[in-house]
Every structure is written in C-alpha cells, then in structure tokens.
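Derivation of every value follows stated rules applied to the coordinates shown; laboratory data play no part. Computed from a prediction, not measured in an experiment: that's the story for all the values here. Note: ideal-geometry Cβ built from the backbone for every residue, glycine included; neighbour counts use all protein chains shown.
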Amino acid sequence: MKLWIAAAAIAVLSGASLAHAEVALSNAQQAKVRAGVLENLRDPQSARFGLMRARMEGGVLWVCGTVNAKNAYGGYTGFLPGGAYMGRLTASGFIVDEMGPRALGARCAALGVMVR
C-alpha cells in the first residue's frame with residue numbers, strides 16, 4: 001500500500017512538472033508567432049527576431065520572446081526590455097497579450113520562461 005501511494009505521488013509530481021515543460025515550436029508555429037508580433041509593430045519591415053520560448057499551461061501554449069524593431073522615433077528598441085513580447089498561440093494564429101518591458105514580468109516570469 002505504501003509503495004502504491006509513493007508511486008502515485010511521484011506520478012502526480014512528475015505530471016505537474018511536465019504540465020509546464022518547455023515546448024519546442026515547429027517552423028509553422030514560429031511563423032505564426034512572428035506574423036502576430038509583426039501586426040503590432042509600427043515598422044514591421046524593420047523587425048529582427050531574437051529568442052522565442054514556449055510553455056504549455058492549462059492547455060494554452062504561451063510564447064515569450066524578443067524582437068528588435070524601429071519605434072516611433074525611427075530608432076531600434078533593442079531586444080530587451082523594450083522588444084519583449086508575450087502571448088498565446090492558437091490554431092488561428094498568435095495573440096499578443098503584452099509587448100515591451102511588462103511582457104517580461106508577466107506570464108513569462110510566472111511560467112519560468114526567462115528571455116535573456
């Protein structure tokens with residue numbers, strides 16, 4: 001009986017850690033993320049993408065990453081912190097929830113996805 005309880009506890013704990021495991025994005029998924037981010041930029045043609053990381057939480061694929069693009073003044077924002085983004089990847093595309101420095105402190109940090 002004790003062995004069964006121990007095995008069940010290990011299964012639950014390992015399942016909990018797998019629920020937030022980092023997910024490797026396919027090329028098609030990365031393209032959706034890029035397209036979603038580009039829609040939110042002032043000068044999408046200037047965009048240079050950096051890191052892109054994803055984790056699954058509660059059936060939602062959260063993606064955090066960096067992009068360096070021109071701002072309203074014509075200067076590049078830099079990859080961090082101004083060029084950070086966070087959002088959800090869905091079947092229809094990428095939904096940007098946050099851009100800029102606040103993206104790093106939001107779901108990205110909560111999920112342990114540190115974009116550096």
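Structure notes:
- Rounded Å value of the spacing that divides the Cα centres of the range 34-56 and the range 72-88: 9
- Each peptide in 77-88, 46-57, 25-36 receives the mean, over its residues, of other Cβ atoms within 10 Å, and ordering these scores from highest gives 77-88, 46-57, 25-36.
- For Phe94, distant residues with modelled amide H under 5 Å away: Gly36
- Amide hydrogen neighbours beyond the local backbone of Asp43, cut-off 5 Å, H modeled: Lys70
- Radius 14 Å from Cβ of Val63, net charge of other residues (Lys, Arg +1; Asp, Glu -1): +2
- Compactness ratio for the range 21-110: Cα radius of gyration over 2.2 N^0.38 Å (N = residue count) comes to 1.01.
- The Ala72 and Ala21 beta-carbon pair, evaluated with R₀ = 41 Å, returns a calculated FRET efficiency of approximately 0.60.
- Inter-label distance, nm, simple model (7 Å from Cα along the C-beta direction), Ala31/Arg48: 2.4
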